[in-house]
Each structure stands twice: as C-alpha cells, then as structure tokens.
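Data first, discussion second: the structure below is written as structure tokens.
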C-alpha cells in the first residue's frame, strides 16, 4: 500500500519519486506490482485502461528504477512482458509537496481507491465475518494544532512499528511459521466543514499529516 514515509522529513526532494508518483496511474501500477508479478496486458484489463497507455507508464517506472522485467511469454505472435516492483511507493512530505496541487489531489484519490479495493476484496472473501483479527475504528476528534501534530506523530509510529513487526515475522516464516497478509490502512485528515458542499473543496489552512 502506498504511503508517505514518516521516518524521513528531509528538506530535499527525490526527483525520481516525484516522477513515479506524479501520475495516478503510475501509482496504481506501482502498488499492484508491489503485490505481484504482472504484465501490462493484465494490468490494463484490471484497470480498464489501454495496453498502450499502461505499457508506457510501466516503461517510465522501469526507467526510474521502480520495476524490473522478470520474464517474457510468447502470446500469438507477440511477446508479453512480466514485471515486478523493486521499490515501494513510499514518499516523503517534501516529495508530496513538490507535486502540483491537482497532482496531490489525484494521488490522494489513487491511494484511497487502492485502500477501498483491498477492503472490498476482503469483504467479498468473507474476511470481515467475525474474524477476531479484524479491527475497524472510525472516530472524529476535536483537535488544535498541537494535538494534531502529536496525533500525526503517533500515527507515524504505528506505521513504523508495522514495518518492524513484518521484518520479525519474515524471519519466523522462513523458519516454518505460517504467514498471511494483513492490510493496514491509516487515514488521518481534517474533516470537511459542516457547510462544505459535496464536490467542492473547502477553503482554509491545510494541515500537514
């Protein structure tokens, strides 16, 4: 799952990362190629895009060093190329802020779309039917700027802790422990004002998460 890298708060910008995440389709492709090996043909079918467009953006990700070619398969006189990701879709606050405003909005929408896709797949598979592993919490809180910064820092700690636990689990799995995939979706954002109209952005100070 794509996310901002809260561990890094550099003032500099990673140009390659900005190019990779600067288009919502590239973010979707990178996210899915982090999950499995796939070809542009397969990804185009899933996303409802043309093969030519998907192939173009996959080549950009390859040239930027985010994906690599792992195999080819003959298909009725053509060659189907299969890729996998070699870098995660992680970006810093500096990388995010380097994008134009419309690109930031599109990127946020792309990340949310991937979150909903994972949740929908789990629901259809019956993973929300009383599984004790599932935790769903939605809550609104009244905060000031200081409280917001403290909460954002704590959310970042959860993400970092999840990465540490994954590293520990991989060691145990290599020794024979049974592994499974858990999806951690973390959302922290200012709520829309009560008088905000649907489909229109609210004005006001943008808070950093």
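Computed quantities for the displayed model
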read-out: Per-region count, the stretch 121-147, residues within 19 Å of residue 189 (Cβ to Cβ) and part of a loop (DSSP other than H, G, I, E, B); value: 9
read-out: Yes/no for residue 152 being at pLDDT 85 or above, assigned by TED's automatic domain parsing to the domain that holds residue 179 and over 20 Å from the mean Cα position of the chain (by Cα); value: no
read-out: Unique residue being at pLDDT 85 or above, over 18 Å from residue 190 (Cβ atoms) and surrounded by 14 or more Cβ atoms within 10 Å (Cβ to Cβ) when the list is 118, 82; value: 82
read-out: Residue check, residue 184 within 20 Å of residue 108 (Cα to Cα) and in contact (Cβ under 8 Å) with a residue 60 or more places away in the chain; value: yes
read-out: Residue within the stretch 155-175 that is at pLDDT 85 or above, in contact with a helix residue (DSSP H, G or I) (Cβ under 8 Å, 6 or more places away or on another chain) and surrounded by 10 or more Cβ atoms within 10 Å (Cβ to Cβ) present; value: no
read-out: Exclusive hit being touching a strand residue (DSSP E or B) at 6+ places or on another chain (Cβ under 6 Å) and assigned to a helix (DSSP H, G or I), set 61, 112, 107; value: 61
read-out: Selection count, the stretch 79-104, where residues are part of a strand (DSSP E or B), more than 16 Å from residue 24 (Cα to Cα) and touching a residue at least 12 places away in the same chain (Cβ under 8 Å); value: 6
read-out: Exclusive hit being crowded, with 18+ Cβ neighbours inside 10 Å, modelled with pLDDT of 95 or more and either within 14 Å of the chain's Cα centre (by Cα) or farther than 29 Å from residue 155 by Cβ (or both), set 44, 20; value: 44
read-out: Any chance residue 70 is part of a strand (DSSP E or B) and in contact with a strand residue (DSSP E or B) (Cβ under 9 Å, 6 or more places away or on another chain); value: yes
read-out: Any hit, the stretch 132-145, residues being surrounded by 11 or more Cβ atoms within 10 Å (Cβ to Cβ) and modelled with pLDDT under 85; value: yes
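The values are calculated or read from the model by the stated rules, or taken from the named source; none is laboratory data. Bear in mind the structure is a predicted one, so any value in this text is a computation, not a measurement. Cβ atoms come from the backbone with ideal geometry, glycine included; neighbour counts cover every protein chain shown.
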